[in-house]
Every structure is written in structure tokens, then in C-alpha cells.
1. Net charge near residue 77: determine it from the other residues with C-beta under 13 Å of the C-beta of residue 77, scoring Lys and Arg +1 and Asp and Glu -1.
2. For the pairs 148/345; 148/265; 340/421; 21/148; 158/255, note any where the Cα-Cα span goes beyond 23 Å.
3. Could you state the number of Å between the C-alpha centres of the range 180-231 and the range 343-392?
4. Let me check I have the definition right: for the range 1-45, take the eigenvalues of the Cα gyration tensor, multiply each by 5, take square roots. What are those semi-axes in whole Å, largest first?
5. Can you show me the helix-derived [θ] at 222 nm for the chain, built from DSSP H runs with n ≥ 4 at -39,500 (n - 2.57) apiece and divided by the number of residues, rounded to the nearest 500.
6. Along Cα→Cβ, 7 Å out, is where each label goes; now give me the distance between the ones at residue 119 and residue 362 in nm to one decimal.
7. Restricted to Cα positions, what overall size does the chain have along the principal axes? Three whole-Å values, descending.
8. What residues of the range 10-37 lie in the reach of a label at residue 3, counting those whose backbone N is under 20 Å from a point 7 Å from the Cα along Cα→Cβ?
Amino acid sequence: NEKPSALIMIFGATGDLANRKLFPSLYRLFEKGNLSENFAVIGVARRSLSNEQFQENVKNSVQSVASNSNNIDEFASHFYYHSHDVTDSDSYVALREMAVQLDEQYQTKGNRIFYLAMAPEFFGSIATHLNEDGLTNVQGFKRLVIEKPFGHDLKSAKELNNQIRTAFSEDEIYRIDHYLGKEMVRNIEVIRFANAIFEPLWNNRYISNIQVTSSETLGVEERGRYYENSGALRDMVQNHMLQMVALLAMEPPIKLNTEEIRSEKVKVLRAMRSIKDDKVDKYFVRGQYGEGILNGQKVSAYRDEQMVDPQSNTETFVAGKLLIDNFRWAGVPFYIRTGKRMKSKSTKIVIQFKDIPMNLYYKTEQTLNPNLLVIHIQPEEGITLHLNAQKTGNHMNATPVKLSYSNTGIDGINTPEAYEKLLYDCMRGDATNFTHWDEVALSWSFVDNISQHWQQTQTHFPNYESGSAGPKDSDVLLARDGFFWWPIG
Ligand code: NAD
């Protein structure tokens, strides 16, 4: 396998994402020998920095993941800096000249990756300039990596897409959803399609409901300004939550390649029942955290956070019931739930199987626990299968037992960062774990119906305490169907 060579331009190279994720991920690829020597990075940002200063930043950022500090200098020597306001047309020409020179110096085969790690309002104009000023005129491949959020609603997402499509074709666009870089999200497909015992049961005859929860303990922190315009629905549901649902619900693809997998995911999103107007209140619950106690500390309400409107109606919690109207899933609710300032940090999927036709253990045990398959996404990574069995000494008694597989070591440091995998995929030209425009468009049209209804109706915020499992109505949502949420964490 040939190692990828490329010139990588990172727009927003002095930012948080570049420093916390991108430089360390590139370093790990370098250290493992997954990057060829023929790579160079141009960091672009507004601040004026020399190459040396930029390389110092890079070294500092990779220090914590470096097992061997001897190669850090060599790694950092591949980094160059270009100070440039991305709204200023003139300096793209200088950037192009720098790129041409580095292409030559590092023998990158004319391959270029443009990584937009900046505020989304710049995405469209950067792409336009890259095209107009000839930076996308390459000998090898050209790829655009673009961070979330991809638009604010369907309309703005379309505008953005049209802008970037002037410079890149759909198969050159890598829209990041970092959940798709997570080990256990990638594992959904393997668990489903590599095991004879699950796929035959993976349908409405044997599954009663599926629950996808992604809870955080953090509040909005310093991101108030962004979050006020976004909220949990746009920030989490439109992308990460619906992506996980699509992977859980899709039909087995003909082959495990990008095109086939994406097309199966698109079909799920097309089959998702659209929920609008008054129906929204029956299927979706929104919440906003009030003050409360978390890890023994008093924490403040969302409305008291920095850069947040004291009357804010932005939701920090969403729970919803999704229905997928196809043969496989008719009648099986997919419940999703995500929120900030909840009692623990956890992303997991619970697949609850239907009860067996009759309970032979009724004399000793009132009810049998249903079989559950739990996929732990983070912070724990692994799978747990909940069964009933007889424990020693418990004659003729069915007791719950768990079969567990843990993907991480005790300290959990061996899990490769999602960004490392995604960057590597992009360099190798594998777009499977990036979102296709069709997925983005379908997710936005689903989510837009909900946000429109919410905009027109009143909230009763705050409606959940920090450190809780979310608003009461979220429990009611499942109780109406005779279910309950399996515990968070
Ligand atoms: P940041 O504010 O820390 O960094 C922004 C960068 O853009 C800085 O390097 C700044 O110099 C540069 N910049 C701003 N205006 C510029 C201009 N006019 N010309 C040139 N450079 C300019 O932001 P971030 O947290 O790194 O996030 C970047 C993107 O990644 C955003 O789209 C964000 O939503 C997304 N994202 C970030 C994270 C994260 O962990 N930080 C996670 C997921 C997605």
C-alpha cells in the first residue's frame, strides 16, 4: 500500500481544533509511518507568525501524544505558515505560490487537501477563492475537508453546498462528522454484518425499540455565542444522532464500499417519517438546563451562562421518537436523546429485544428482563449483551447476566482519536465515514420541521435540573409507548 503524499492546507491553524486535534492526529500518523515523508502542511490564519513560531506551536501541541520526542522536530519541520485574512482576495495568490513551491520541494505529486478548521461563515468564500485564484488547479487529487456545522438549515446548507461545488465535485468533498471516526460507531456495521446471531433478529419481529443517548456533563462553557444560534437539535441531532440511527437501521449494503454504504444510509433517512406542526409535540421534547448540583458542585443555569440571553429559548436537550417506515422497521420506535449538563457523560446505544412468547419462570420471578444489546460509544467503548441465566444455587431461577467486551484498556489511552482515522481516510481517498450531501439535505429537512414548530411555540424553560437525566416529558415520551429509558452511563 502506497503511503499518501499531499500538501495539506489548514485554514484556522491557530485555532482550537487545529491545536487540540489536527496536529496531534497528523503526528500520530507520522509516528506510525502512515504518512509518507512527502507531506507538507501550510497553516493559514490571521495572526502574523513566522514559520519558526508556528512550528513551536505545533511541537507544543503534539508533546502530550508523543511517545518519543526525538522525531518531533523532524515532524514540525514539515509545517509552514501563511498569515492571511481569508476575506482578502490578494493574499490567495501568495498562498498559491507557496503551495507550488512546497509541492515541488516535498514531491507531493500535486495532491492537495484543504482543511477548513474555521468558523463556517468563511467556508463558502474560501472555496470560491481557492477556485478563482487557481489553488485547486492541481496535478494530483484535490480534496476539501469541511467541519460542522454544514449550514444552519436546509436553505443555508444548500447555499453553502452550491458555493463549495463551484470548486470541488461531490466526491472531492469530505464533510466531517467526528462521530463517524469513533471506533464503536464504526463497529456498528461490523457487529451487525459479521455476526450470524444479530442480523436475523435485526427487525420489527424481534426488536421492540432502540435507544440512542448522547449525554454530556459540560454546560455550554465559552461557546454561548455559537450555541445560542444552534441549540442541541442543530448541534447534535441533525448530524451525529441521525448518523447513528442511519447506521443502525440501514439494510446490509451489497458491498462495504463508500457508495453502497452511503446509499443505504440515504434510504433510511428517506424512510424516516417526517414530523411537523402539532405532531412535533407528540414526538419531540426539548429542554434547557436550570441550576443544579453536579459532582458535588453547584452549577448555574443555561440562562446565566456567558454570552447567553437571560430569556433564551435555546434548547440544551432534545429527546425524540423516530419512526422508519419500511418493511424492516415499521412499528419500532427509535428513541434519541441528547443533552448538556446531564448526570453523566455517556454515548451509548441500547437495542431492546422483544419479550419471549411466554414466561416459564413466573413462579420464582415476576418478570424476565428483556435481552439488551448495548453498544458503548464513549467514554467506555465496548459491547454488553444482557441475558437471563441461572446462577449457582439459584435453582430454576432466571437472573440477569451480562456478557461484556471492552474495547479499551483500563486507562483508555489507546483509543485512536477519531480525527486521526478521519484524516487518514481522507488522505487515502476513502469517503465512507464522511457525510454525503444527500444525507445532509435529508437530515436538515427532517430537523427544519421541528425547529420551525419550536420557533412558533412557547417554552417553559428551564425545565430540567443540571445533573439530572433531562426533563420529565422525556420519560413521558417513552412511557406512552410502555417503555422507559435505560439508565444513562
Ligand atoms: P477557533 O475560534 O479556535 O479558531 C478559528 C481559527 O480561524 C483561528 O486560527 C483564527 O485565526 C482563524 N480565523 C478567524 N478569522 C479568520 C480570517 N478572517 N482569516 C483567517 N483566519 C481566520 O475555532 P475552532 O474551535 O478551532 O473551530 C473551527 C471549526 O471547527 C469550526 O467550524 C467549529 O465549529 C469546528 N469544530 C471545532 C471543534 C473543536 O473541538 N474545537 C469540534 C468540532 C467542530
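The values are calculated or read from the model by the stated rules, or taken from the named source; none is laboratory data. Keep in mind the model is a prediction, meaning the values are calculated, not measured. Positions of Cβ are generated from backbone atoms using ideal geometry, with glycine treated the same way; all protein chains shown enter the neighbour counts. Accessible surface is based on the protein model in full, side chains and every heavy atom, while ligands, DNA and RNA are left aside. Shrake-Rupley method; radii C 1.70, N 1.55, O 1.52, S 1.80 Å.
1. -4
2. 340/421; 158/255
3. Centre-to-centre (Cα) distance: 17 Å.
4. 20, 12, 6
5. It comes out at -9000 deg cm²/dmol, rounded to the nearest 500.
6. 6.5
7. Its Cα atoms span 80, 51, 46 Å along the three principal axes.
8. Residues passing the 20 Å test: 22-37.
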